[in-house]
Structures are given as structure tokens and as C-alpha cells.
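Here, each number is a calculation from the coordinates, and none is a lab measurement. Quantities reported herein were computed from a predicted structural model and do not represent experimental measurements.
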Amino acid sequence: METVPGHCGDMSQDSNEPTPALSHPSDVTPTAVPPLRPAVSARVNVIDDPASRRGKAAFDTLTTSAVGLEMGVAVIIGLLIGRWLDGEVGTEPYLMILFTIFGFVAGIRGLIRGARRAERAEQAAAERGAR
């Protein structure tokens with residue numbers, strides 16, 4: 001049985017045909033191709049588009065407002081893990097208290113991280129306003 005190619009050959013490169021002298025109709029040099037990314041020193045962290053600024057502000061507001069929820073969830077998860085471990089091990093209130101404290105510490109760390117993030121966003125907004 002003879003195999004039939006799955007294409008008509010119009011757009012494919014056939015290895016049986018002789019290759020032309022020039023593989024590209026115009027000269028392409030590596031210097032004519034722009035770099036894919038600008039250098040790190042040339043990057044500027046400024047948002048020029050007003051819609052982008054509004055979107056970034058909304059995202060920052062939502063992130064900051066989620067800090068309180070994160071605190072409550074961390075404490076509740078610590079409490080539940082402690083109660084489950086108390087039931088498995090048989091140390092009635094001690095692991096629940098310990099893991100509730102761990103959840104509280106995790107929530108405080110989240111509050112500090114959110115405050116730092118909000119402070120950086122405020123400083124960036126002040127720098128944009130000063131320009």
C-alpha cells in the first residue's frame with residue numbers, strides 16, 4: 001500500500017527540491033531584531049494608563065481589606081487543627097490552645113505583611129503624584 005502525504009505540499013519545505021541561493025528575500029541581520037526584554041536598569045515601574053491606575057488601586061484596596069478575613073481564618077484553622085489533634089492524641093485542651101496561638105501568630109504576620117504592602121503602595125502613589 002502506497003502512503004499518501006497528508007498535505008498538498010504548497011506551503012511545506014520539500015527536501016527534494018534544490019534550495020534557492022537566498023533563503024530570505026531581504027537581508028536580516030541580528031542587529032535589526034529588537035531585544036525581547038529591555039534591560040533591567042531601563043525598566044520603570046510607572047503606570048501611565050489611568051484605567052490601569054484605577055485597576056491597581058482597586059486591587060490594592062481588596063488586598064488590604066482581606067487582611068482581617070485572613071486573621072480570622074488563620075485563628076479558626078489553628079483551632080480546628082488543635083481540636084482534631086487533641087481528639088487523636090488524647091491531650092484535651094493543650095494542643096487546641098497551642099494551635100490557636102499558632103493561628104493567632106500567623107494572623108498577626110498577615111496583618112504586618114498587609115500593612116507593609118499598603119505602605120509601599122502609598123509611597124508609590126506619592127512618588128507618582130510628585131512627578
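Normalised by the number of residues in region 67-131, the average gap of Cα pairs under 8 Å and 6 or more apart makes the relative contact order 37 percent. Would you kindly derive the ³J(HN,Hα) couplings of region 80-86 from the backbone phi angles with the Karplus curve 6.51 cos²θ - 1.76 cosθ + 1.60 (θ = phi - 60°), listing them in order in whole Hz, with x for Gly and Pro? Calculated HN-Hα couplings, in order: 5, 5, x, 5, 5, 5, 4 Hz. Taking only the C-alpha atoms of region 67-131, Rg followed by Dmax gives 17.8, 63 Å.
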